[in-house]
Ligand SMILES: Nc1ncnc2c1ncn2[C@@H]1O[C@H](COP(=O)(O)OP(=O)(O)OP(=O)(O)O)[C@@H](O)[C@H]1O
């Protein structure tokens, strides 16, 4: 049975159609990267998969069950969502924020159990956020906060993890640490779908990549098959050079100057 199946998905914000017939099936755990130009529909696709937005047409199935038929608690056990950076206007401690990931596992009014505290601690340790446990989420930098959101999603122990630009605020060390963690999670039985702006990080860490353009998936497959001159030009309207990353042997993409003179700073 497919882990995730998306059939003919369409979505519009009022008049504007943003997803124009998305179809794919994922049968194995992996890190799937979604790349594409600003406004191509990446976040909207994640929000439709998570059930947060309701498609105008089409369906999303998780392990054979239509997302429409999940209760909110059930959905949270199957899908963890790491949003783009949000600054909440309330004073939750980071510990409480991560503990929220355990709510789907607690009965109404039930206090957290030792098992929940252990999971929260473990998830905060692996994201290197235990040091912030007593701090308010508002006091953290964008990158630190992002790691707390990742810890919360991990505490949910979800089958599918959706991440919307999870490393865009992180410095290079944490980018690599978080994406390595993500890779590790996929090997331990989680399907991770991650929107990335950095094509080279996507190439380095993702098993497969979707390229989106104007609400459609225009290319899908391994980084080597997808990150071609033509696909990148089509999606981003830019000429690039594609080399081989000497460590991962996946494509390494740099913008081509295309005959343009470099700006001279004097
Ligand atoms: N709440 C909204 N109401 C109306 N239009 C929206 C809303 N959210 C997004 N859009 C529009 O839908 C289109 C797709 O947006 P989306 O955020 O899915 O793109 P994206 O590929 O994730 O972009 P980015 O790379 O800039 O984050 C854009 O044109 C955007 O302006």
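Sort out for me the helices (runs of 4 or more DSSP H) sitting completely within segment 129-238 that have 3 or more residues that are more than 14 Å from the chain's Cα centre (by Cα) and in the same structural domain as residue 257 (by the TED database).
On the way: elements: 142-155, 172-187, 199-205, 223-226, 229-236.
Answer list for segment 129-238: 172-187, 199-205, 223-226, 229-236.
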(message) Which residue is nearest to the ligand (Cβ to nearest atom), if the candidates are limited to segment 61-115 and must be loosely packed, with under 13 Cβ neighbours inside 10 Å, touching a residue at least 12 places away in the same chain (Cβ under 8 Å) and within 21 Å of residue 25 (Cβ to Cβ)?
(response) 68
(request) Answer yes or no as to whether residue 38 is surrounded by fewer than 16 Cβ atoms within 10 Å (Cβ to Cβ), within 11 Å of the ligand (Cβ to nearest atom) and under 20 Å from residue 219 (Cβ atoms). (result) yes
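The values are calculated or read from the model by the stated rules, or taken from the named source; none is laboratory data. These numbers were taken from a predicted model, which means no experiment stands behind them. Every residue, glycine as well, gets a Cβ built from its backbone with ideal geometry; the counts of neighbours run over all protein chains shown.
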